[in-house]
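**Student:** The structure under discussion is supplied below as structure tokens; questions concerning it will follow.
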Amino acid sequence: MGRKLSGRFIAGMSVTDALAACDHVNREGIAVSLDSLGESVTVEAEARASAAIYHQLLDAIHERGLNANVSVKLSQMGMDFDPALAERIVGEIVDHASQVGSFVRIDMEGSLYTEATIAITERLAARFPDRVGTVLQAYLYRTAQDTERLLAQGIRIRLCKGAYKEGPDVAFPTKAEVDANYVRLMKRMVTFAKDGSGVFCGIATHDEVIIEELLAFVRTNNVPQTAFEFQMLYGIRRDLQRQLAADRFGVRVYIPFGPEWYPYFMRRLAERPANLIFLLQNFFRA
Ligand code: FDA
């Protein structure tokens, strides 16, 4: 039952399912980031098993010529019990990505991971320039500073609003404040990219008002379309994904897959009450 409903947001359970979804999305002129779902692992064998899937994905992307990169979570690679192990494992994935001309995005988790995620990304980016980047969340007060910190080092940022439950001690409490911060940071990033820095950025949102604001901003300020791409989640606003791609903007869809779908699915439900209504309607129909 849950598995059937999760199919709205998750491409399937296996690498084969993920690659098929990737191929399908690529055929629409849209790039992909593949995410083998998993987080908070507690033993090394689990972390190694997660990493093995990423190595398999990178080989498959390369062999099939797919337009895709990968997104990983540090807690999936052992961050909770051995941060040095997690850094080593992700480093091996980035090394592999650089050998096959791909890219690794280190997803951002709850605020307890923020500093460590940025620091690990910085160390890996120093070893593998342009092959690794991370995610910043507009709901955190610290993100304006983190944006400058990463831009100064030429590290690619995916900007999102933030999906974890955070307190007012670290995060803006209202949606209006988060949205305003998002707009501020997004403009800063594309302006920096425009000014010849070469730091390409990912604008990860489905918020049409914000997307319209960016489109107006890039028109007025002559920001080239090659300075940024839009990023959206699999199964959310496919109409908008296709429209932006048809308008010749770079669009990348984040495709999650795998049996560890539950926490990801719950975050997607929490984002939008209508998703819960959809879930309940299907529950009573089933
Ligand atoms: P907002 O929540 O304001 O939604 C705007 C509109 O988008 C809604 O009105 C609706 O139309 C649509 N929408 C949004 N969410 C929906 C949903 N779940 N179901 C149906 N419609 C929905 N977060 C994080 O903390 N760390 C990370 O690493 C990432 N990575 C990431 C990658 C990519 C490619 C994306 C797009 C997002 C993330 N996120 C993330 C998640 C992000 O922080 C955020 O929670 C969601 O994108 C929802 O926020 P929006 O910006 O879409 O705006």
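Any read-out appearing in this document is the output of simple, stated calculations on the displayed coordinates, not a laboratory observation. Just so you know, these numbers come straight off a predicted model, no measurement behind them. Glycine gets a Cβ as well: all are built from the backbone with ideal geometry, and neighbour counts include every protein chain shown.
**Student:** Starting from the Cα gyration tensor of the range 77-141, take the square roots of the eigenvalues, sort them a ≥ b ≥ c, and report rounded, prolate or oblate (rounded when a/c is under 1.5, otherwise prolate if a/b is larger than b/c, else oblate).
**Tutor:** In terms of gyration-tensor shape, oblate.
**Student:** Follow-up question, since we're still on this one. Give me the Debye-computed log₁₀ of I(q)/I(0) at q = 0.15 Å⁻¹ for the range 2-123, equal point scatterers on Cα only, no solvent, two decimals.
**Tutor:** After summing over all Cα pairs, the log10 values are -0.69.
**Student:** Here's something else I'd like to know. Normalised by the residues of the chain, what does the relative contact order come to in percent, with Cα pairs under 8 Å and at least six apart?
**Tutor:** Across the chain, relative contact order equals 23 percent.
**Student:** Using just the alpha carbons, could you tell me how many Å³ per residue the convex hull of the chain encloses?
**Tutor:** Details: hull volume 36.9 nm³, N = 286.
Taking only Cα atoms, the chain has a hull volume of 129 Å³ per residue.
**Student:** When the chain is fully extended, how far beyond the present Cα-Cα distance does ARG248 get from ARG48, taking 0.36 nm per residue of separation? Intermediate values should be presented prior to the final figure.
**Tutor:** Details: separation 200, 0.36 × 200 = 72.00 nm, distance 3.89 nm.
Result for the pair: 68.1 nm of gain on full extension.
**Student:** Of all DSSP beta bridges in the chain, what percent run antiparallel (nearest 5)? Kindly include the intermediate steps, with their values, before the conclusion.
**Tutor:** Numbers: 1 of 31 bridges.
Around 5 percent of the beta bridges assigned by DSSP in the chain are antiparallel ones.
**Student:** What residue among PHE228, PRO168, LEU244 has its Cα farthest toward the positive end of the dipole of the chain, where the charges are +1 on Lys, Arg and -1 on Asp, Glu, each on the Cβ?
**Tutor:** Result: LEU244.
**Student:** When the chain is modelled as a GNM with alpha-carbon springs shorter than 10 Å, which of GLY250, GLY133, GLY65 fluctuates the most?
**Tutor:** Result: GLY65 has the largest fluctuation of those listed.
**Student:** Once you sort the root eigenvalues of the Cα gyration tensor of the range 132-216 as a ≥ b ≥ c, which label holds: rounded (a/c under 1.5), prolate (a/b larger than b/c) or oblate (the other case)? Intermediate values should be presented prior to the final figure.
**Tutor:** Working: a/c = 2.04, a/b = 1.32, b/c = 1.55.
Oblate.
**Student:** Let me ask something else about it. If you line up the Cα atoms of the range 108-250 on their principal axes, what length do they span on each, largest first, in Å?
**Tutor:** 38, 36, 28
**Student:** Still on this structure: Could you count how many Lys pairs in the chain have their Cα atoms under 30 Å apart, skipping same-chain pairs fewer than 8 positions apart?
**Tutor:** 15
**Student:** On a full-extension model of 0.36 nm per residue, what is the gain between GLU208 and ASP82, subtracting their alpha-carbon distance, rounded to one decimal in nm?
**Tutor:** 41.3 nm
**Student:** Under a point-charge model restricted to the Cβ atoms of Lys and Arg (+1) and Asp and Glu (-1), what is the dipole moment magnitude of the chain relative to its Cα centre, in debye to the nearest 20?
**Tutor:** On the way: 33 positive and 35 negative charges, 150 e Å.
For this selection, approximately 720 debye.
**Student:** Dipole size in debye (nearest 20) for the range 121-223 around its Cα centre, Lys and Arg Cβ +1, Asp and Glu Cβ -1?
**Tutor:** 360 debye
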